[in-house]
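For reference, the structure discussed in these notes is given below.
The values are calculated or read from the model by the stated rules, or taken from the named source; none is laboratory data. Treat the numbers as computed from the prediction; the structure is a model and nothing was measured. Because the Cβ atoms are built from the backbone with ideal geometry, glycine has one as well, and the counts that use them run over all protein chains shown. The protein model used for the area step is the full one, side chains on, heavy atoms only, and it has no ligands, DNA or RNA in it. Shrake-Rupley method; radii C 1.70, N 1.55, O 1.52, S 1.80 Å.
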Amino acid sequence: MDVELIDKRVLEYLQKKGFKQTEIAFQEEQQQQQSKNSSSNSHTDPDVAKLILTFTSESESLPAQYHDGYSKLRSWAHNSLDLYKHELLRVLYPVFIHCFMDLVARGHLQEARNFFITFREDHETMHQRDLQKLEGVLSPSHLEEMEFAHTLRQSKVNIKICQYSYELLLQYLHNTRSITMLGVINEHINFQVCPGQPGSISDDADAMTLVDGGQDAANLINQKEIQWGMLEDSIEDRLEKGGGLLLDSEKVDTENKEGENEENKKKSADGGKQGASVKKSKKDKVGGTGKTARPEANTPMAPRVKPELPLPAIPIEVEHSILEDLRNRVQLSSVALPSVWDMSQLGQQTSTSALQGEKDAAGNEQMLGTNGVKRPYTLFQGHSGPVYSASFSPLGDFILSSSADSTVRLWSTKLNANLVCYKGHNYPVWDVQFSPYGHYFASCSHDRTARIWTMDRIQPLRIMAGHLSDVDCVRWHVNCNYIATGSSDKTVRLWDIQSGECVRIFIGHRSMILSLAMSPDGRYMASGDEDGAIMMWDLASGRCITPLVGHTSCVCGEGSLLASGSADCTVKLWDINASTKTLRSEEKTGSSNRLRSLRTLPTKSTPVYSLMFSRRNLLFGAGVLSKRS
């Protein structure tokens, strides 16, 4: 290979890129080399020469390099051994989208469109929403103006891969001299190489992630300490400890009744049947309730934490009602599943209000409809756009509603009137949720923020900003010290109420998050996405415990047993305890079966949009009955 030809190509490349200082240094080095070797012939490695000439080829062949390079990489990955194929296939999607965007950025618009159309079908199943967004990239300016494309080009994709798969990929790139593909992979992919055998196919949900600022920033946030336990001295706390099964007023009444029973016992020394039966029934009533409410001996108690917010006092009569419900709570397990009540609405609506609260807040009032016929519901009017969410206060005396008109409204169920209109969001408000103790509530919006409010102030107390796209759902932690938010950026975040800081980032979903649920003890959280995947998270460590797959559309769930409802007209019950226990054994054996579905409950023709466990562990589901032809 002629040395002068190689030097010429290198100089042309440096001039094209504008590297003036490097060009001058190269020319000086070239002159010194010529003076040294004036009496001898220079020899160059033919492989190195070929690589340099390939790298500095003319720009007219650039689109063909991207197309041919990706096509060969795709064929090689699909023809690999089954043991490593699923890990090598993870590389194709980020390489595909960055090849497309590189072609657009270099001005090869028609070639980029042909490339996108040719290979798009390979990624439709897992990344349909992303492809729909990228389809709108028609010019280099769109890469900067479109937030999604700009985020992709500024961030690296983290891919988990075993050591042997990683070495296979490097060997392929070296042997085929795929300089273009190597450049794309080096610039946009960060490999997390793990020792040992390849992971299972079920790990694909969290094997490829994209986070603004990198995975290291997310790991740093997840190291923060959080208090995930239940509130100390709460009604549930007293009930679980066993010593506080009765309220103070009830303890006094019980002591008086026991004294009367002792006097009756002395008077009826003959042991009459009537007195004995009365005594036995009272004993069973008190003792039996306490035994049922006590937790199992082998179940560890959740830690107790103090509230960071001043919580409102609960009226005595409400405490009595809550305690009565908790005493009569059904203990759920894999062999004792909850009863389900499905409430379907006839009509053409596409959404329903959220199920919150234990009582019927609207009462039994009858209001006249447009045709003069009485209707068994109360109609609240005031929003100027579609209503996306509604939430009852714990006492059932207030309702919150969020709307496309960017406002949240507070309604009185006693007065049947609008009390307050909260304005703060700049775009549609997708979700609003009362805190478990009332007074405080959280909202989330298209403006990529979540906000904390109180009923007595028209301005928000906290603004949680950090998501890269719409915040679609919000959920309070059981101790009211945190809120969780799910976003269209495919992440879930946990926020500290007092400081407003993000203390956890949960990464692993492949589509927008539509639902969130907290476990009763506050340790675990479940999130459901648009593709039908459910992920269980440990709040303490920030790790995904187990993914649950079985639905075909969006899911939501609550309760000690996880219940999920879907647009596929089913409700599924999951054994979370079995799923978490088998996780370690699966990691050792390499088994990919993490599905722990206890039961599937089909509806006749009702997509399930909302689920709620009552305090007595009855499961309620709501949806719109769709009439099939």
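For region 593-602, filtered to residues that are out of contact with any Gly (no Cβ under 7 Å at 6 or more places or on another chain) and open to solvent by less than 80 Å² (accessible area, probe 1.4 Å), the residue that is modelled with the lowest pLDDT is ARG594.
When LEU548 is tested against the conditions (1) over 22 Å from SER389 (Cβ atoms); (2) open to solvent by less than 10 Å² (accessible area, probe 1.4 Å); (3) modelled with pLDDT of 85 or more, the lone failure is (3). Among residues of region 173-190 that are in contact (Cβ under 8 Å) with a residue 24 or more places away in the chain, those with a beta-carbon under 7 Å from a residue that is in a loop (DSSP other than H, G, I, E, B) at least six positions away or on a different chain give the pairs HIS188/LYS156; ILE189/LYS156; ASN190/LYS156. What residue, among those in region 443-456 that are of a type in the set (A, V, I, L, M, F, W, C) and part of a strand (DSSP E or B), is farthest from LYS490 (Cα to Cα)? Taking the candidates together, the pick is TRP453.
Quick check on my filter: what residues within region 16-43 are modelled with pLDDT under 75 and in contact with a helix residue (DSSP H, G or I) (Cβ under 6 Å, 6 or more places away or on another chain)? Correct list: SER42 only. Checked against (1) within 18 Å of HIS188 (Cα to Cα); (2) free of Cβ contacts under 8 Å to residues at least 40 places away in the same chain, HIS142 meets all criteria but (1).
Yes or no, residue by residue, for (1) in a strand (DSSP E or B); (2) open to solvent by less than 30 Å² (accessible area, probe 1.4 Å); (3) within 30 Å of ARG523 (Cβ to Cβ):
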{"site": "LEU400", "(1), (2), (3)": "yes, yes, yes"}
{"site": "CYS421", "(1), (2), (3)": "yes, no, no"}
{"site": "VAL432", "(1), (2), (3)": "yes, yes, yes"}
{"site": "TYR437", "(1), (2), (3)": "no, no, yes"}
{"site": "PHE441", "(1), (2), (3)": "yes, yes, yes"}
{"site": "ILE458", "(1), (2), (3)": "no, no, no"}
{"site": "VAL492", "(1), (2), (3)": "yes, yes, yes"}
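The strands (runs of 3 or more DSSP E) located wholly in region 155-210 that include 2 or more residues which are at pLDDT 85 or above occupy 157-162, 189-194.
Scanning region 211-235 for residues that are open to solvent by 30 Å² or more (accessible area, probe 1.4 Å) and at pLDDT below 60 gives ASP212, GLY213, GLN215.
With respect to (1) buried (at least 19 other Cβ atoms within 10 Å of the Cβ); (2) not in a strand (DSSP E or B), the lone exception for MET464 is condition (2). Within region 5-31, residues that are under 19 Å from ARG106 (Cβ atoms) reach partners that are among the basic types (Lys, Arg) with beta carbons closer than 9 Å, at six or more positions or on different chains, in the pairs LEU14/LYS20. Scanning region 106-156 for residues that are over 23 Å from HIS509 (Cα atoms), open to solvent by 80 Å² or more (accessible area, probe 1.4 Å) and of a type in the set (A, V, I, L, M) returns ILE117, LEU138. Looking at this structure, is SER469 touching a residue at least 60 places away in the same chain (Cβ under 8 Å), among the polar types (S, T, N, Q), surrounded by fewer than 23 Cβ atoms within 10 Å (Cβ to Cβ) and within 30 Å of ALA149 (Cβ to Cβ)? The answer is yes for SER469.
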